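What follows draws every value from the coordinates through simple rules; no lab data is involved. Keep in mind it's a predicted model, so treat the numbers as computed, not measured. Cβ coordinates were reconstructed from backbone atoms using ideal geometry, including for glycine residues, and neighbour counts include every protein chain displayed.
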């Protein structure tokens, strides 16, 4: 396994992060236990979850993934071997604290304490803001239209997070689905006001969506706030399993077709096919090629993988052993120029 520092901390995290959002939906607790045991055995010490999981989010399943992880901690007694990341949800769903999902006050207190209870832990290593309170373009949305609304100001959020850091409930904090403007505001305030520093940005990054490179990549490198890339396989499309209209039984697209529309765009099928041909030309597993391309980026801290079968998990973790020859990278970049970010 490969490791990198989390932000400017002394904490080493595996460059493969175990994603968990299918646990409690596509995967049972037994499946999840097998995945956690195997991942830790292979040196994956960094795990990511969220209060909202499992996915697709539902009133009767939110928090279930955290409960499963907590049950594993209770059984295995290995909490101290894992760098655990979870997320507090932003506004949108009324079954989460009546929809008043701000990052301050009683809402934050409730979210954090409930996550700690479900996870059966006294502390969270990396507590992330799942998406901004303010109106921004995320989850594939384009065409920014500015809308003013009530949202917790950055300094207020950092002050509230400081309280829980002081109490020992949170070690470090991070962002998710955030913009360059938002990241830099948090960074400047942490420097100017001696407030908690954001250590990571969990945003999408894959061969179908390299938009992180446009603005956030420079921020990550200059400010030591690396990317934790989610959807490196674009909901499985970059594994090649959906090529030529295939729809594997039990896959997330087959189960929840409408929910997973983010990677079905006008040029995505063509781009996937050409990336697949590159993998065949160089005798590479397409999933491993796609994950490795993310891992080797200078701005990357860790790549979040999500698997529903043990074979998928093993394949994804083994991507750390893959070497991408410069010719492979050149051909990948040529496809990006031909189909630039087909699924932002």
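Rounded to the nearest 0.05, the FRET efficiency derived from the C-beta distance between residue 222 and residue 146 at R0 = 30 Å is 0.70.
Placing dummy labels 7 Å off each Cα toward the beta-carbon, the span from residue 257 to residue 181 is 3.8 nm. Protection proxy ranking for 269-282, 239-252, 221-234, using the average of other Cβ atoms within 10 Å per residue and placing the highest first: 221-234, 269-282, 239-252.
With a Förster radius of 25 Å applied to the beta-carbon distance between residue 94 and residue 67, the computed FRET efficiency rounds to 0.75. Placing a pseudo-label 7 Å from each Cα along the Cα-to-Cβ vector at residue 280 and residue 123 gives an inter-label distance of 5.1 nm. Relative to one another, the C-alpha centroids of segment 108-148 and segment 7-70 are positioned 16 Å apart. Sorting the segments 188-195, 310-317, 204-211 by their residues' average number of neighbouring beta-carbon atoms within 10 angstrom, most packed first, yields 204-211, 310-317, 188-195. At full extension, residue 10 and residue 334 could sit 112.9 nm farther apart than now, given 0.36 nm per residue minus the alpha carbon distance.
For the chain, the average shadow cast by the Cα convex hull is 16.4 nm², which is a quarter of the hull's surface. For segment 39-92, what percent of Cα pairs sit more than 15 Å apart? The proportion of pairs with Cα distances above 15 Å equals 52 percent. Here, segment 269-344 is characterised by an Rg to Rh ratio of 0.95, where Rg is the alpha-carbon radius of gyration and Rh the Kirkwood radius. The Kirkwood hydrodynamic radius of segment 91-172, based on inverse pair distances between different Cα atoms, is 14.0 Å. Estimated purely from DSSP H runs of n ≥ 4, each contributing -39500 (n - 2.57), the mean residue ellipticity at 222 nm for the chain is -11000 deg cm²/dmol once divided by its residues. Helix 180-192 and the longest principal axis of the Cα set of the chain meet at an angle near 40°.
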